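Please read the structure below before turning to the comments.
The values are calculated or read from the model by the stated rules, or taken from the named source; none is laboratory data. Quantities reported herein were computed from a predicted structural model and do not represent experimental measurements. Cβ placement follows ideal geometry from the backbone for every residue including glycine, while neighbour counts extend to all protein chains displayed. All accessible areas refer to the heavy atoms of the entire protein, side chains included, with ligands and DNA or RNA removed. Shrake-Rupley method; radii C 1.70, N 1.55, O 1.52, S 1.80 Å.
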Amino acid sequence: MVYQATASAPVNIACIKYWGKRDTKLILPTNDSLSVTLDQDHLRSTTTSRADPSFTKDRLWLNGTEEEIKPNGRTATCIAEMKRLRADLEAEKPNEPKLSQFYVHIASKNNFPTAAGLASSASGFAALVKSLASLYQLPSTPSELSLIARQGSGSACRSLFGGFVAWEMGSSPDGSDSLAVEIAPREHWPEIHALICVVSDDKKGTSSTSGMQRTVETSTLLQHRIKHVVPERMKVISEAIKKRDFNTFAKITMQDSNQFHAVALDTDPPIFYMNDVSRAIISLIVEYNRVSVDAGGPLKAAYTYDAGPNAVIYTLKENVKEIVELVVNYFPQANQFKDPFGLFGSDGVQGNVVTGFNTAVAKPFGVGAVKNLIHTRVGDGPRTLGPEESLLGVEGLP
Ligand code: ADP
Ligand code: DP6
């Protein structure tokens with residue numbers, strides 16, 4: 001009998017940022033956060049887990065290379081928590097095989113760059129937890145699984161749902177109420193698309209984990225943000241999502257990205273995640289929105305940046321073509337734009353700007369300043385896949 005399961009999970013990019021822990025071991029945040037789950041058809045982690053009595057230790061392979069599972073580290077914690085849930089089930093149903101007592105082999109791959117600021121840790125820990133939940137045949141809800149993914153990487157808890165997702169910070173010291181909840185499924189607002197601008201970044205920045213800890217210890221602005229800014233923003237953006245009010249959604253998303261980077265700057269010593277390319281992309285989106293607003297229209301795009309220089313631009317599907325044209329005008333691409341939604345005909349991207357756009361807001365950059373453009377949209381939550389997607393061979397090795 002082979003006990004094995006494979007699952008895939010999506011990336012999520014926050015509109016209201018998580019930045020700060022009140023408990024670093026349990027990964028309990030200092031504020032609520034909210035994100036959009038991106039489509040796994042484009043960006044995903046896929047993970048196979050197998051339990052077998054012949055295995056001699058828990059092992060993990062990431063993109064084909066074995067990774068050490070550090071005792072008491074984040075991966076070990078997630079595996080231990082999942083085994084605990086399985087043990088509870090076995091105690092209730094004594095005829096079930098005692099999988100909780102076997103070691104596991106886990107193989108995972110990301111179909112996009114790992115540890116490059118594209119949230120692989122979020123999709124990675126969500127896929128790990130989901131594949132173990134399938135292996136162990138747990139009846140757990142996505143919110144229950146989010147409690148465990150959270151202990152792998154905070155932002156991973158939001159990848160247990162598709163659509164629009166909040167991570168409620170909770171108040172219990174044991175973390176039992178610090179979990180993800182769905183604000184709306186993808187079907188509610190499928191027109192939300194995202195354009196990821198992958199910005200070259202040669203030097204290694206400050207990791208989220210260490211950066212946010214330094215912010216908690218030194219930033220007074222963070223205290224203001226936690227108490228007086230995020231609670232109201234969570235309410236307003238959740239309402240905007242429910243009403244499909246893109247103007248409000250965009251306004252809050254940009255404000256919160258700005259404040260997160262302000263809080264990073266308020267850290268001692270200061271942390272800079274954005275670079276000149278990131279700031280130029282902000283100028284383009286601000287000007288693009290100004291043209292619309294001056295003509296009596298709404299905001300049409302929202303930028304947001306995590307702990308790195310890459311931009312994620314949220315917009316409605318109808319505007320993606322204009323935005324790709326705009327970005328390519330300033331950031332020429334070495335490779336042809338991959339056009340998953342067939343927006344461009346055989347002529348490809350021309351690099352046009354919309355009428356009335358003040359081209360002086362940014363200077364054009366050379367090829368490679370924006371390495372790659374990824375067009376995706378709001379997506380669904382983790383998927384359980386069939387045995388044909390397995391990443392482990394008959395021997396239980398990748
Ligand atoms: P990113 O910006 O891609 O999230 P991080 O440096 O924050 O980069 O996280 C990368 C780490 O996340 C990896 O070193 C690994 O520990 C973990 N990770 C990434 N992908 C996976 C995966 N598919 N399965 C398990 N862990 C993963
Ligand atoms: C800027 O979830 O990577 O992307 O919990 O220490 O693993 P750890 O941090 P992580 O931090 C994400 C920070 C962010 C904002 C967000 O995703 O909400």
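Normalised size of the chain, defined as Cα radius of gyration per 2.2 N^0.38 Å with N residues, equals 1.00.
Principal-axis analysis of the Cα atoms of the chain puts helix 276-294 at an angle of about 60° to the longest axis.
Got a sec? Which residues in the range 162-183 would a label at Asp23 touch, if it sits 7 Å along Cα→Cβ and we count backbone N under 18 Å? Under cut-off, by backbone N: 167-181. For Lys251, the lysines whose Cα falls under 29 Å of its own Cα, not counting residues fewer than eight places away in the same chain, are Lys17, Lys21, Lys227, Lys235, Lys242, Lys243, Lys300, Lys317, Lys321, Lys338, Lys363, Lys371.
Rounded to the nearest 10 degrees, the inclination of helix 120-135 to the longest alpha-carbon principal axis of the chain is 30 degrees. Once phi is turned into ³J(HN,Hα) by the Karplus curve 6.51 cos²θ - 1.76 cosθ + 1.60 with θ = phi - 60°, what whole-Hz value does each residue of the range 332-348 show in order, with x for glycine and proline? Listing the rounded values in order: x, 9, 5, 10, 5, 4, 6, 10, x, 9, x, 7, 10, x, 5, 5, x Hz. For the chain, the longest principal axis of the C-alpha atoms and the axis of helix 208-218 are separated by about 70°.
The separation of the range 159-194 from the range 58-131, counted between C-alpha centres, amounts to 21 Å. In this structure Phe341 has an accessible area near 40 Å², from a 1.4 Å probe over the protein heavy atoms.
Mind ordering 223-231, 244-252 by average Cβ neighbours within 10 Å, highest first? Write down the numbers at each step before the final one.
Working: 223-231: 15.7, 244-252: 19.4.
Result, highest mean Cβ count within 10 Å first: 244-252, 223-231.
Dividing the mean sequence gap of close Cα pairs (under 8 Å, 6+ apart) by how many residues the range 227-340 holds gives a relative contact order of 23 percent.
Using helices alone, I'd like the mean residue ellipticity at 222 nm for the chain: each DSSP H run of four-plus residues gives -39500 (n - 2.57), total over residue count, nearest 500. All intermediate terms of the calculation are to be shown ahead of the outcome.
On the way: 9 runs with 123 residues, N = 398.
After summing the helix terms and dividing by the residues of the chain, the value is -10000 deg cm²/dmol.
Pairwise inverse Cα distances across the range 192-377, averaged and inverted, put the Kirkwood hydrodynamic radius at 17.5 Å. Label reach from Asp174 (point 7 Å along Cα→C-beta): in the range 5-38, amide nitrogens under 20 Å belong to 22-29. The alpha carbon centroids of the range 248-309 and the range 207-223 are separated by 20 Å.
Quick check: pseudo-label points 7 Å beyond the Cα along Cα→Cβ at Leu265 and Phe341, how many nm apart are they? It works out to 3.2 nm between the two label points. Between Phe337 and Val349, the built amide H atoms are under 5 Å apart, and every one of these is 5 or more places off in sequence or on another chain.
Close amide H pairs (under 5 Å, H built 1.01 Å from N) link Tyr3 with Ala51, residues at least 5 positions away or on another chain. DSSP finds beta bridges in the range 42-151, and of those with both partners inside it, around 75 percent are antiparallel.
With contacts taken as Cα pairs under 8 Å at a separation of at least 6 residues, the chain carries a relative contact order of 23 percent.
Could you calculate the FRET efficiency of Gln255 with Ala91 from 1/(1 + (r/R0)^6), where r is the beta carbon distance between them and R0 is 35 Å, rounded to 0.05?
The value I calculate is 0.10.
If you take every DSSP beta bridge fully contained in the chain, what fraction is antiparallel? Give it as a percent rounded to 5. Beta bridges within the chain, antiparallel portion: roughly 95 percent. The mean sequence separation of alpha-carbon pairs under 8 Å and at least six residues apart, normalised by the residue count of the range 3-185, gives a relative contact order of 30 percent.
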